[in-house]
Amino acid sequence: MDERVGGPAVTGDRLGFDLITMGRIGADLYPLTTGVPLAEADTFGRFLGGSPANVAVAAARLGRRTAVVTRTGADPFGGYLRTELRRLGVDDRWVSEVRGLPTPLTFCEIFPPDRFPLYFYRVPKAPDLEIEAEELDLEAVRAARVFWMTGTGLSEEPSRSATLAALEARARARTTVFDLDWRPMLWREKPEAHYARALALATVAVGNQEECEIATGVSEPYAAARALLAAGVELAVVKRGPDGVLAVHRDGTVVDVPPVPVEVVNGLGAGDAFGGALCHGLLAGWDLERTVRFANAAGAIVATRLACSTAMPFPDEVEEVLGRAGGV
Ligand code: ADP
């Protein structure tokens, strides 16, 4: 059992973050027995969850100074999430409480190798959709070396305007990642126009094939990557789950890497491990091939583990897998 927990100390200058993520957070309650329908599961593990929170944890594990901008309920699960963020090395100074709305819970079913249905309890509304533009520390958002937002943050107001305000503050001056994160059950209107607006303000787009199709109308990975570049970003990354990853840069660089073969326990969280590791590689200034191979391996590692946030790999674990896979 690996006893290590988090990243660098969660104190210090608000303008010195490597990565600030913004959006969804919640408590994940995952069945401790795999292959069991939720109706029959009776023991659960409790984990910090929500894609942007997990991405911040993943990058912290890799040694990055990270923070998340989000909101929870004023309840025990909200307190748990803040404590857990800090324990896992993520600064929680921009996590605030919303009175009257419960902290979201997420249940899942685990049917390896490729079926992991999610059940979101975000009613009547998730506190993370109550992020207000006026509350943002835009100076800090602008100063972060990488900023990461998600499609779900665009699904409702006031979160949508706040997310766009953060993107506008970045003004594409530094790495600004749009995680296409498409959760249809969380949308009550058509997403296309909102996705297009955010794509024009981001420098990197990351998504799986279904998410790329929502953002661009095409799902074939090369066509989707080209369409994302045409929509405004400099780097398009198409996650293909067990089929690996395609990354295309505006400068003409194309990286298409096969998956690292693993025995899948729970595919949830692989995308967030990938995301945190992608940020790490971009921050390190690695070439695109090394960055994508590293992120690909980080995603594969989390797919072999039941948990998501607490399962994010440390650098030596990723390097070991890369070494075995003959990586760069
Ligand atoms: P998301 O969870 O966002 O849909 P994916 O399922 O595509 O993302 O997973 C993200 C990345 O994690 C993949 O691109 C790949 O690098 C890695 N990964 C995911 N599932 C597997 C798997 N079964 N085998 C190997 N690598 C995987």
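Quick note: the coordinates plus some simple rules give every number you see, no bench work behind them. Please read these numbers as outputs of a predicted model, since none were measured by experiment. All Cβ positions, even for glycine, are placed from backbone atoms using ideal geometry, and neighbour counts span all protein chains on display.
The table for this structure:
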{"quantity": "Gain upon complete extension [THR83, LEU138; 0.36 nm per residue less C-alpha separation]", "calculated": "17.4 nm"}
{"quantity": "Space enclosed by the convex hull of the alpha-carbon atoms of the range 149-281, per residue, Å³", "calculated": "107"}
{"quantity": "Unit Cα scatterers, Debye sum, the range 1-140: log10 I(q)/I(0) for q = 0.13, 0.17, 0.18, 0.19 Å⁻¹", "calculated": "-0.59, -0.95, -1.04, -1.12"}
{"quantity": "Karplus (6.51, -1.76, 1.60) ³J(HN,Hα), θ = phi - 60°, over the range 247-252, in Hz, Gly and Pro reported as x", "calculated": "10, 10, 9, 4, 6, x"}
{"quantity": "Value of [θ]222 nm, deg cm²/dmol, for the chain, DSSP H segments ≥ 4, -39500 (n - 2.57) each, nearest 500", "calculated": "-10000 deg cm²/dmol"}
{"quantity": "Per-peptide average of other Cβ atoms within 10 Å, ordering 156-167, 288-299, 139-150 highest first", "calculated": "288-299, 139-150, 156-167"}
{"quantity": "Highest average packing first - 263-275, 114-126, Cβ atoms within 10 Å", "calculated": "263-275, 114-126"}
{"quantity": "Amide proton proximity set for GLY50, modelled H, under 5 Å, gap of 5+", "calculated": "GLY26"}
{"quantity": "Size of the range 244-325 as Cα extents on the principal axes (Å, biggest first)", "calculated": "38, 22, 22"}
{"quantity": "Alpha-carbon gyration tensor eigenvalues x 5, square-rooted, for the chain, Å", "calculated": "25, 24, 20"}
{"quantity": "DSSP-defined beta bridges in the chain - what % are antiparallel, rounded to 5", "calculated": "40"}
{"quantity": "Whole-number percent relative contact order across the chain, with pairs defined as alpha carbons under 8 Å at least 6 apart", "calculated": "16"}
